[in-house]
Structures are given as C-alpha cells and as structure tokens.
Amino acid sequence: MPNAITALTGYLLQVLRPLLDGIGSSVLTPILHDVLGLHLGQIDVHLRTLNCQARAHLVY
C-alpha cells in the first residue's frame with residue numbers, strides 16, 4: 001500500500017508541476033523578493049582580508 005501512495009503522489013506532482021512552477025514564479029517569488037526582501041538562489045560573498053603571503057583559508 002505505501003508503494004501505491006508513493007507512486008500516486010509522484011504522478012500527481014508530475015502532472016501538477018507546470019501549474020505549481022507557474023504559481024511559484026509569478027506569485028510566490030515576487031512576494032518573497034519584493035515584500036520580504038528574500039533573494040532565493042543568491043549568496044553574498046564578502047572579502048574580509050587579503051594577504052598574498054599567507055596560506056589560503058576558506059571562511060564561511
């Protein structure tokens with residue numbers, strides 16, 4: 001029975017994917033971007049120091 005539910009859910013999501021993608025890009029993304037100031041898929045990188053003589057370290 002769980003396999004049937006998983007298969008049915010996968011099929012429904014595949015059928016609804018274009019509709020859900022359209023809703024996400026035309027409604028939810030502008031709300032997140034314009035109202036809440038969230039930019040999904042973007043990151044900010046800031047250089048704190050630069051020392052050409054030292055060993056490189058990755059800082060998160």
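Which whole-Hz couplings ³J(HN,Hα) result when phi for each residue of region 35-49 is put into the Karplus expression 6.51 cos²θ - 1.76 cosθ + 1.60, θ = phi - 60°, listed in order with x for Gly and Pro?
Result, ordered by residue: 8, 9, x, 8, 10, 6, x, 10, 10, 10, 10, 10, 8, 8, 9 Hz.
Just the accessible area per residue of the chain, please: how many Å² with a 1.4 Å probe?
104 Å²
With Cα Rg over 2.2 N^0.38 Å defined as stated, name the option among (i) 2.04; (ii) 1.37; (iii) 1.52 computed from the structure displayed.
(i)
Can you show me the helix-derived [θ] at 222 nm for the chain, built from DSSP H runs with n ≥ 4 at -39,500 (n - 2.57) apiece and divided by the number of residues, rounded to the nearest 500.
-13000 deg cm²/dmol
Over region 13-60, what percent of the accessible surface lies on carbon and sulfur atoms, probe 1.4 Å?
Whole-percent figure for carbon plus sulfur exposure: 61.
The values are calculated or read from the model by the stated rules, or taken from the named source; none is laboratory data. Since we're looking at a predicted model, the values are computed, not measured. Ligands, DNA and RNA are stripped out before the accessible areas are found, and what is left, the full protein with its side chains, is counted by its heavy atoms. Shrake-Rupley method; radii C 1.70, N 1.55, O 1.52, S 1.80 Å.
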